[in-house]
Structure formats: C-alpha cells, structure tokens
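Participant: Pasting a structure here, questions to come.
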DNA sequence: AAGAATGTTATGTA
DNA sequence: CTACATAACATTCT
C-alpha cells in the first residue's frame, strides 16, 4: 500500500546523510531526463524542500530537482545496496548510502535561474518558517473559487495534497465548496496552523496521520484518517458524501461541515 | 489483470 | 486575463 509518499519532505529528512559528501548521480535504467553528468564529481551541499518539490543542492549553483508526483517513491539504504527495485530514475550514491528515486514526475538538473523561477512559481509552503502566509491569505480572501480548491492549489499555498485537504476541512468543520472570500481570517489561521501540525507529524512518521493516538506501525492505512475514503463520519455517525472537485475526490460530512450548502 | 491512485503541466475553448 | 475542461505523463498496488 502506497503510504505517505505525498510527504515529499520526508524524503529530504531521510536523505540528509548525503549532505556534505561527494554524491554520484546515476541512472540505473538510463531514463534520467537530462543533464545528470553536470553533477559529476560534485558535493551535495544541502537539501531543501519547497512544498512538494525537493532540491538536492550541489556546487556551482546546480540542483537536482525531484517531484515525486502521484506515484513516485524514494528509498534509502546502506552500502552495499541491493539492486534497484522497480523503475529507479536516479540513484544518489554517497560513500556510505544510496537513495533511490522511483518514478518521479520531475527529475531534472536546475541552475540558479531555473531554480529561482521554480520558487516564484509556487506559493508559501506551510512547513517553512519563512513562509509568506499573508500572500496565501490575500489570494484566498479575494477569490470566489471554492476554498477546497484553493487550499490544494500549489500556487496559492504549497504542501497540501488531496488527503490533507479533505481531513483539514473536516477538522475545521468547513464545507469544501465554501468560496474563498467567505472564509474568515480566524478560520484561515486555524487551518494554516492545523496544516503545519499535521504535516509535521506526516514528515516525522513518513505517513499521513490525521487522527490522534495512532502509531504508524500499529495501524492500517484506513485507521489513520478521519473521513478520507470513508462512508461514515466518526463524529456524528452520519453518511460521508463523496464528489469530485477538479477531478480529485473530496469527502465531506454534510452534517458536520454544513457551513455552505451546495445548490446543485 | 484492469483500474485506481496521496500530482502537475500544457493546451484548447468560452 | 480568468476559468474551466481535457489530455498527457509518471508507476505500483489490489
């Protein structure tokens, strides 16, 4: 069962042992998109995460840009490492460890310019202390679009995926179709703070956990969330409704999240 | 073993 | 310019 690979930032924390070391970037299946050889002989000097984007920083202002997308994975191992499993696009190899990146959506080498372009393209990352929260608030405050849509729009704010969207809205007792401009400042602040907390838990456990008192190792996937993929609301025992918002599944409890009444 | 899935971008239409 | 729809792309798991 794919678990929490939407938590791209966990990949950063778990591959930190590459930092400060010479890292060889190879492509076992020969399917690296472009320019891997530009990183030859360079040291990995840091790893940064912006929303769901990962940047392995190398010397000469170059970075390996990874986005795991819908089904990308990463795996770390000690050397000697086993043969790559599945579609490994890149294997990062330090003297002591390997990090395998499977099936990423994006896998490319960036220079200073293209890196800057990426950073201006994405909205404030809820997990970054330097995040410009006001920028997100302004976008939401003046938009008529559904808040459930804005919350997951990486240009508005970054880091939230489909499961966290559903879970955050349920925890806030807000209907996903409430227009952005009807969200109060207090409600926005509360959701932002809740997102920070939930994502931090996610990064630490490398799994999406939105309920209390659950340990990853002792639970099944379905026991770690409140309403995503469920049919009954854990709070009121009522029915959970499922619908599509911009081609993505959304779950909502009509009783608990009655803030907005959809009229269709 | 067909189909679904925790994501994003590019392109077309109004 | 917005906004929405559609397609394309990435792979693994049931």
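The values are calculated or read from the model by the stated rules, or taken from the named source; none is laboratory data. Here the structure is a predicted model, which means the values were calculated and not measured. Reconstructed Cβ throughout: ideal geometry from the backbone, glycine too, with neighbour counts over all protein chains shown.
Participant: From the set of residues in the stretch A:165-184 that are in a loop (DSSP other than H, G, I, E, B) and in contact (Cβ under 8 Å) with a residue 40 or more places away in the chain, which is farthest from residue A:252 (Cα to Cα)? So that I can check it myself, show each step before the final result.
Facilitator: Start the filter on the stretch A:165-184 by keeping residues that are in a loop (DSSP other than H, G, I, E, B), which leaves A:172-178, A:183-184.
Next, from what is left, pick out any that are in contact (Cβ under 8 Å) with a residue 40 or more places away in the chain: A:173-178, A:183.
Values: A:173: 9, A:174: 9, A:175: 7, A:176: 8, A:177: 10, A:178: 12, A:183: 17 Å.
Restricting to residues being in a loop (DSSP other than H, G, I, E, B) and in contact (Cβ under 8 Å) with a residue 40 or more places away in the chain, the top hit is A:183.
Participant: Between a residue in the stretch A:84-103 that is in the same structural domain as residue A:20 (by TED's automatic domain parsing) and under 16 Å from residue A:39 (Cβ atoms) and any residue that is in a loop (DSSP other than H, G, I, E, B) and more than 14 Å from DNA strand C (Cβ to nearest atom), which pairs come within a Cβ distance under 6 Å, given they are 6 or more apart or on different chains?
Facilitator: Once the first residue is in the same structural domain as residue A:20 (by TED's automatic domain parsing) and under 16 Å from residue A:39 (Cβ atoms) and sits in the stretch A:84-103, its partners that are in a loop (DSSP other than H, G, I, E, B) and more than 14 Å from DNA strand C (Cβ to nearest atom) give A:92/A:23; A:94/A:23; A:98/A:81; A:99/A:15.
Participant: Do you know which residues across the stretch A:159-190 are touching a helix residue (DSSP H, G or I) at 6+ places or on another chain (Cβ under 9 Å), within 16 Å of DNA strand B (Cβ to nearest atom) and farther than 15 Å from residue A:247 by Cβ?
Facilitator: A:159, A:160, A:164, A:167, A:168, A:169
Participant: Is it fair to say residue A:19 is surrounded by 21 or more Cβ atoms within 10 Å (Cβ to Cβ), at pLDDT 90 or above and either more than 16 Å from DNA strand B (Cβ to nearest atom) or within 27 Å of residue A:162 (Cα to Cα) (or both)?
Facilitator: no
Participant: For the stretch A:232-253, which residues satisfy the criterion of being surrounded by fewer than 17 Cβ atoms within 10 Å (Cβ to Cβ), more than 16 Å from residue A:210 (Cβ to Cβ) and under 25 Å from the mean Cα position of the chain (by Cα)?
Facilitator: A:241, A:242, A:243, A:244, A:246, A:247, A:248
Participant: Another one. Let me confirm something: among A:73, A:38, which residue is within 21 Å of the chain's Cα centre (by Cα) and within 17 Å of residue A:107 (Cα to Cα)?
Facilitator: The unique qualifying residue is A:73.
Participant: Among (1) within 16 Å of DNA strand C (Cβ to nearest atom); (2) surrounded by fewer than 22 Cβ atoms within 10 Å (Cβ to Cβ); (3) within 23 Å of residue A:20 (Cα to Cα); (4) over 19 Å from the mean Cα position of the chain (by Cα), which single condition is residue A:65 missing?
Facilitator: The failed condition is (4).
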